[in-house]
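Following: one structure in structure tokens, then a few remarks.
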Amino acid sequence: MNKNKTLVIIGAGGHGRVVADCAEQSGEYTEIVFLDDSVAERKHNAHWAIIDTVEHWINYRQKADFIVALGNNAIRASIQQQLQTAGVNIATIVHPTAAISKHCQLGKGVVVFANAVVNVGTEIADGCIINTGATVDHDCHIGQYCHLSPGVNIAGGVRVERMSWLGIGCSVIEGITIAENSQMGAGAVITQNTKNGLLYLGVPAKAVRAIKL
């Protein structure tokens, strides 16, 4: 639950900038700042201030909500878990144009970007990115630290297990399970259950190689 009026975003790249814009448009925060290791070279990400390096996050934990804005699932998971262990309040950010059923669940550290849809009965676990225009239909489960890229479409009853990444424009038919630590390429159409640690490409998608975990 968001409880502070200051939001600290870890990661001042392009993804972090979109998270900041989403948080600003939500109207929940009066101050939005970044922690990033580039602070010696630059002081702003767009018009938001970069105030310190990532390692100094502990100096802000009592007065701000935090969110980790890093696209790499494994790094995002590692940092968010460290923050949660320390008792930091982790924000959940939802763009005002996103359509989120009141009968779904969003975990800590989730970001839902503009024009995304999350339908009834769906659970989005901690640390997930539901990117611009992505749709998740009814009764789905999206595991921890997954990334659904812009324009992903997921039909009803799908399970996407933790740490998986679905590329831009990917589609998943109903009832499919996307295995843990797997990746779906841009425009892939997933018509069968996938296996752990593999990259899938094409229409219909087929496994092409193992990915580096």
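Readers should treat all values here as calculations from the given coordinates under stated rules, not as data from a laboratory. Please read these numbers as outputs of a predicted model, since none were measured by experiment. Cβ sites come from the backbone with ideal geometry, for glycine too, and all protein chains shown count toward neighbours.
Roughly what percent of Cα-Cα pairs across the stretch 1-125 reach past 21 Å?
Tail fraction, whole percent: 35.
With angles folded into 0 to 90 degrees, how steeply does helix 14-26 sit against the dominant principal axis of the chain? Use alpha carbons for both and round to 10.
Around 80 degrees separate the two axes.
Once fully extended, how much extra length lies between Ala86 and His56, figured as 0.36 nm per residue of separation less the alpha-carbon to alpha-carbon distance?
My answer for the length gained is 9.5 nm.
List the relative contact order of the stretch 59-166 as a percent without decimals, with contacts defined as Cα pairs under 8 Å and 6+ residues apart.
Computed over the stretch 59-166, the figure is 19 percent.
If you average the sequence gap of Cα pairs under 8 Å that are 6 or more apart and divide by the length of the chain, what percent do you get for the contact order?
11 percent
For the stretch 132-213, what is the relative contact order in percent, using Cα pairs closer than 8 Å and at least 6 residues apart in sequence?
20 percent
Quick one: divide the alpha-carbon radius of gyration of the stretch 136-188 by 2.2 N^0.38 Å and tell me what you get. All intermediate terms of the calculation are to be shown ahead of the outcome.
Numbers: Rg = 9.5 Å, N = 53, 2.2 N^0.38 = 9.9 Å.
The value comes to 0.95.
Which residue, Cys128, Cys146, Cys170, tops the fluctuation ranking in a GNM of the chain built on C-alpha contacts under 10 Å?
Comparing Cys128, Cys146, Cys170 in a Gaussian network model of the chain, the most mobile one is Cys170.
Of the listed pairs Lys108/Lys212; Lys63/Lys102; Lys5/Lys63; Lys3/Lys43, which have alpha-carbon separations greater than 19 Å here?
Beyond 19 Å: Lys108/Lys212; Lys63/Lys102; Lys3/Lys43.
Looking at the chain as a GNM with Cα springs under 10 Å, which of Tyr200, Tyr29, Tyr145 has the largest mean-square fluctuation?
Evaluated over the chain, the most mobile residue of the options is Tyr29.
Quick one: work out the % antiparallel among DSSP beta bridges in the stretch 126-213, nearest 5. Display every interim value, and only then the final one.
Working: 4 of 22 bridges.
Within the stretch 126-213, antiparallel bridges account for around 20 percent of the total.
Pick from Asn153, Asn119, Asn193: which is most flexible by mean-square fluctuation in a GNM of the chain where alpha carbon atoms under 10 Å apart are linked?
Of the options given, Asn193 has the highest mean-square fluctuation.
Based on DSSP, what percent of beta bridges with both residues in the chain are antiparallel, to the nearest 5?
Of those bridges, close to 10 percent are antiparallel.
Using the crude model of +1 on Lys and Arg Cβ and -1 on Asp and Glu Cβ, and no other charge, please compute the dipole size for the chain relative to its Cα centre, in debye to 20.
Numbers: 16 positive and 17 negative charges, 58 e Å.
In total the dipole reaches around 280 debye.
Can you compute the modelled spin-label distance between Ala74 and Gln25, with each label point 7 Å from Cα toward Cβ, in nm?
3.3 nm
Using only Cα atoms and rounding to the nearest 10 degrees, what angle (0 to 90) does helix 73-85 make with the longest principal axis of the chain?
Taking Cα atoms only, the helix is inclined about 50 degrees.
Taking only DSSP H segments of four or more residues, each worth -39500 (n - 2.57), what value at 222 nm results for the chain once the sum is divided by all its residues, to the nearest 500 deg cm²/dmol?
Details: 2 runs with 26 residues, N = 213.
So the helix-based figure for the chain works out to -4000 deg cm²/dmol.
Mind checking the alpha-carbon convex hull of the chain and giving the volume per residue in Å³?
On the way: hull volume 23.1 nm³, N = 213.
Measuring per residue, one finds 108 Å³ for the Cα hull of the chain.
Using the eigenvalues of the Cα gyration tensor, what equivalent ellipsoid semi-axes result for the stretch 94-200 when each is taken as the square root of five times the eigenvalue, whole Å, largest first? Display every interim value, and only then the final one.
Values: eigenvalues 75, 35, 33 Å².
Working from the Cα gyration tensor, I get semi-axes of 19, 13, 13 Å.
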